[in-house]
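Just below is one structure, and these are the notes that go with it.
The values are calculated or read from the model by the stated rules, or taken from the named source; none is laboratory data. All values reported here derive from a predicted model rather than from experimental measurement. FYI the Cβ positions are ideal-geometry reconstructions off the backbone, even for glycines, and counts take in every protein chain you see.
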Amino acid sequence: MNKIHLDLGDQSYDIHIGSGLISNSGLLTSHIRSKQVFIVSNEVVAGHYLDQLTAPLSAYQVDVHLMPDGEQFKTLGTLEGIIGTMLDKGHNRSTTIVALGGGVVGDTAGFAAASYQRGVRFIQVPTTLLSQVDSSVGGKTAVNHVLGKNMIGAFYQPKTVLIDTDTLSSLPARELSAGLAEVIKHGVLADAGYFEFVESRMAALRSLDGESLEMAISGSCQIKASVVSADEKEAGQRALLNLGHTFGHAIETHQGYGEWLHGEAVGAGIVMAADLSMRLSRCSADEALRIKHLVAAAGLPVAPPEGMSADDFLALMAKDKKATDSGIRFILLAGGIGATEVVDDVPLSELKETLAAGSSLCE
């Protein structure tokens, strides 16, 4: 088992990564402070792992709320349902919410933990690659609004994150590829050596090689923990973790939540960010194409949806939560793979060229 410490002062916690962690009763119960446990999961994940998670909890009052599966259910209505079940079952301020599932479950359950009676304990047990390498780490919790992704939420840190790599054996190939988008993102934004590792292990990652997966998850979590510990609430450096997301969130909103998986939209968004970086001489054409080829090798789209116009992108990106008074904010390369920076003053002419490039991005 690998352990990564995320240093946030009195909000610090450990991220545990390894095989069989869902059945490791001590890791879970050591972070529960009362006899009440409230598990949020979805109908698919619960069928695989709920019994394993609850087996060591026979001495506790354990109640379960199952969400429908899909990004389209990451809503205020679902949040209200979770809180309603907690109230109905008599959960008090000493309860512990456990999120068992992917990013939708983790984000929604985390926001419920931040909101319920002004805040209760929270544990992340992510079961998808995307949630293991990204959304379960760092304390961003939210639900979507019809006009924008993650527009309603809070920064709220879990007490621990338990990443059981065995859960990836039940993950559909499309979901695995979606998680690889965030793995690629971490290499592009912060670590050229890690990017090279992902390039060299892509086939092994897609075939669920255990050693490669544990190394990739640990590498991504270490990069994210380093960024978050320096900037918990995105006052500066943490914004770099949004590489590809300005474009990606626009795609998700335009297509309708759930049509494109989050990682698929981020994959295309990373390629678009690389293309825009190339046009602004922030990376070479070879580096931009190398990024595109790795995204493709992960089984991800490398172009935005057909029929999504430049005007569609501009309208949606203007409403993105990362936008500022000075306009749309982008995360772009800063000299090549492994270095990025926040850019607020992208010339509209180059941006429109990227938005119009379609399948010829980075070429």
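What to note about this one:
- Selection within segment 104-134: residues that are hydroxyl-bearing (S, T, Y) and either in contact with a Leu (Cβ under 9 Å, 6 or more places away or on another chain) or surrounded by fewer than 24 Cβ atoms within 10 Å (Cβ to Cβ) (or both). The member of this set that is nearest to H65 (Cα to Cα) is T108.
- So D286, is it surrounded by fewer than 21 Cβ atoms within 10 Å (Cβ to Cβ) and among the charged types (D, E, K, R): yes
- Qualifying residue in segment 115-122 (condition: among the hydrophobic types (A, V, I, L, M, F, W, C) and either part of a strand (DSSP E or B) or over 20 Å from V45 (Cβ atoms) (or both)): yes
- If the condition is being in a helix (DSSP H, G or I) and modelled with pLDDT under 90, then segment 309-363 contributes only A318.
- Criterion: farther than 20 Å from L57 by Cα, of a type outside the set (G, A, S) and within 12 Å of the chain's Cα centre (by Cα) - qualifying residue of Q117, Q132: Q132
- Restricting segment 76-96 to residues that are in contact (Cβ under 8 Å) with a residue 60 or more places away in the chain and buried (at least 18 other Cβ atoms within 10 Å of the Cβ), the residue that is farthest from L129 (Cα to Cα): T95
- Residue within segment 233-241 that is more than 14 Å from the chain's Cα centre (by Cα) and either surrounded by 20 or more Cβ atoms within 10 Å (Cβ to Cβ) or under 19 Å from A298 (Cα atoms) (or both) present: no
- First in segment 10-36 and farther than 17 Å from S131 by Cβ, second anywhere and among the acidic types (D, E) and at pLDDT below 95, Cβ under 9 Å, 6 or more apart: Q11/E232
- Any hit, segment 57-70, residues being touching a strand residue (DSSP E or B) at 6+ places or on another chain (Cβ under 6 Å), touching a residue at least 60 places away in the same chain (Cβ under 8 Å), of a type outside the set (D, E, K, R) and crowded, with 17+ Cβ neighbours inside 10 Å: no
- Subset tally (residues that are surrounded by fewer than 24 Cβ atoms within 10 Å (Cβ to Cβ) and part of a loop (DSSP other than H, G, I, E, B)) for segment 242-260: 3
- Within this structure, Y49 fails the test of being at pLDDT 95 or above, closer than 14 Å to F122 by Cβ, within 22 Å of the chain's Cα centre (by Cα) and among the hydroxyl-bearing types (S, T, Y).
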